[in-house]
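Beneath this line is the structure, given in structure tokens, with notes to follow.
The values are calculated or read from the model by the stated rules, or taken from the named source; none is laboratory data. Remember, it's a predicted structure, so these values are computed and weren't measured experimentally. A quick note on method: Cβ atoms are made from the backbone with ideal geometry, for glycine too, and the neighbour counts reach across all protein chains shown. For the accessible areas, the whole protein counts, side chains as well, though only heavy atoms, and no ligand, DNA or RNA atoms are used. Shrake-Rupley method; radii C 1.70, N 1.55, O 1.52, S 1.80 Å.
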Amino acid sequence: KRAEEVFPAYPASALRAIFDRVLETGEPATTEYDVVAGGGTMPFEVFLFPTRGGVSVIARDISERRENERALRASEAKYRNIFENANDAILIFEPRSEKVLEANSRALHLYGFPREEFIGMSLKRLTMDIARGEQQIGRALELGSISDYETVQFRKDGTPMTLIVNAAAIDYRGQQAILSVCRDVSHILSVEEVLKSQDNVLQRLLASSDDIVYMQDKEGRY
């Protein structure tokens, strides 16, 4: 058969160009084609190399690899959707430099940075107690994960915020990294401070009062 009949999914002109290049340069070439096989087509990785009087071809079936790649893309899309729509800020960063490798939309909003500025930035720039942060990262690397770590960091405008952090050591694109899930609890702490302040004022008022003061619930219990 002619090569164009065996490789129907590839334009004849492009296929001819690859064959001609191998013949002219004497250099092998690798590409992927859909090859006619078993009454249908199958994806093959094709290795072409010059031989006396023509071009020899070695083809390897990559159907399983293609299927795995499709499954991986679907899985990545699923987890990307979870990552981007999480209510908490999620960061992935390099543990030593603390350089941000990835961040979800919530993290960008929380810290107040655009993506192009935040990715690649070191979190040390935004951390109040750098030494304590490094210690916690070391614990996460040693133990695999840490939970409910409280830290104070800064937004882009310099506003401090108190975060509760859960972190885990992960492999990210072939390198060691820390996955950090952060929840801003600044507003909760502010409410607690107000309540404590009001309670202190009430206690001082009661202590300084000459009147008899008592409290009952709705059933009349003191």
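Taken over the range 143-178, residues that are open to solvent by less than 40 Å² (accessible area, probe 1.4 Å), outside any strand (DSSP E or B) and within 13 Å of LEU101 (Cβ to Cβ) amount to 0. When THR41 is tested against (1) of a type in the set (Ser, Thr, Tyr); (2) within 24 Å of the chain's Cα centre (by Cα); (3) open to solvent by 60 Å² or more (accessible area, probe 1.4 Å), just one condition goes unmet, and that condition is (2). When the range 192-222 is limited to residues that are at pLDDT below 70 and of a type in the set (A, V, I, L, M), the one that is nearest to MET161 (Cα to Cα) turns out to be VAL194.
Only a single item in (1) surrounded by 11 or more Cβ atoms within 10 Å (Cβ to Cβ); (2) at pLDDT 90 or above is not met by LEU189, and it is number (2). None of ARG132, ARG60, ARG66, ARG106 is within 30 Å of ILE18 (Cβ to Cβ), assigned to a helix (DSSP H, G or I) and open to solvent by 50 Å² or more (accessible area, probe 1.4 Å) except ARG66.
Take GLU98 and tell me if it is open to solvent by 80 Å² or more (accessible area, probe 1.4 Å) and either touching a residue at least 24 places away in the same chain (Cβ under 8 Å) or more than 13 Å from SER180 (Cβ to Cβ) (or both).
Criteria not met by GLU98.
Of the residues that make up the range 23-37, is at least one modelled with pLDDT under 65 and not acidic (Asp, Glu)?
Within the range 23-37, one or more residues are modelled with pLDDT under 65 and not acidic (Asp, Glu).
Cβ separations smaller than 6 Å between residues 6+ apart or across chains give the following pairs from the range 114-131 residues that are in contact (Cβ under 8 Å) with a residue 24 or more places away in the chain to residues that are in a loop (DSSP other than H, G, I, E, B) and of a type outside the set (S, T, N, Q): SER122/GLU98; LEU123/GLU98; LYS124/GLU98. Condition check for LEU91 on (1) touching a residue at least 12 places away in the same chain (Cβ under 8 Å); (2) within 30 Å of LEU141 (Cα to Cα); (3) exposed (fewer than 12 other Cβ atoms within 10 Å of the Cβ): one failure, at (3).
Based on what the data block shows, is GLU116 open to solvent by 100 Å² or more (accessible area, probe 1.4 Å), modelled with pLDDT of 90 or more and of a type in the set (Asp, Glu)? Even if it seems obvious, please write down each step before you answer.
Working: open to solvent by 100 Å² or more (accessible area, probe 1.4 Å): yes; modelled with pLDDT of 90 or more: yes; of a type in the set (Asp, Glu): yes.
Against the criterion (open to solvent by 100 Å² or more (accessible area, probe 1.4 Å), modelled with pLDDT of 90 or more and of a type in the set (Asp, Glu)), GLU116 qualifies.
Figure legend. Inter-residue proximity from the range 165-182: first residues free of Cβ contacts under 8 Å to residues at least 40 places away in the same chain, second residues assigned to a loop (DSSP other than H, G, I, E, B), beta-carbon distance below 7 Å, spacing 6+ or different chains. Indicated pairs: ALA168/GLY144.
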